[in-house]
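Report on one structure; see the data block that follows.
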Amino acid sequence: MEFTALFIAVTIVMLVAWRGRRSLALALFAVVLLASVATYLHHATDTLKLSF
């Protein structure tokens, strides 16, 4: 679900960058970038339960 939200957020940022102000687009991009990094770090630190 969080990946869908990130995809929608990036789509909104692209629309704002295309039609809106540059400063607003850069601010939204920074927020989405931080959210993407936080999501990555959340999933990268999960331990894998593998049994061979």
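Which of the trypsin sites (Lys or Arg not before Pro) across the chain are loop residues per DSSP, with 10 or fewer other Cβ within 10 Å? Walk me through the numbers before you get to the answer.
On the way: sites: 19, 21, 22, 49; in loops: 21, 49.
Hits after loop and neighbour filter: 21, 49.
Evaluate E = 1/(1 + (r/R0)^6) for residue 49 and residue 7, where r is the Cβ-Cβ distance and R0 equals 35 Å; express this FRET efficiency to the nearest 0.05. Intermediate results must be reported in sequence, preceding the final value.
Values: r = 28 Å, r/R0 = 0.79.
Computed FRET efficiency for residue 49 and residue 7: 0.80.
Would you list 47, 39, 11 from the most to the least accessible area, probe 1.4 Å?
On the way: 47 115, 39 25, 11 50 Å².
Ranked list, largest accessible area first: 47, 11, 39.
How much of the accessible area of the chain, in percent, comes from carbon and sulfur atoms when a 1.4 Å probe is used?
Details: 3470 of 4770 Å².
Heavy-atom surface of the chain belonging to carbon and sulfur, 1.4 Å probe: 73 percent.
State in Å² the accessible area per residue of the chain; use a 1.4 Å probe, count heavy atoms of protein chains only, and round to the nearest integer. List each step's numbers first, then the result.
Working: 4770 Å² over 52 residues.
In whole numbers, the chain has 92 Å² accessible per residue.
The values are calculated or read from the model by the stated rules, or taken from the named source; none is laboratory data. This is a predicted model, so every value here is computed, not measured. Glycine also receives a Cβ, built like all others from the backbone with ideal geometry; neighbour counts cover every protein chain displayed. To get the accessible areas, we keep the full protein, side chains included, count just its heavy atoms, and leave off ligands, DNA and RNA. Shrake-Rupley method; radii C 1.70, N 1.55, O 1.52, S 1.80 Å.
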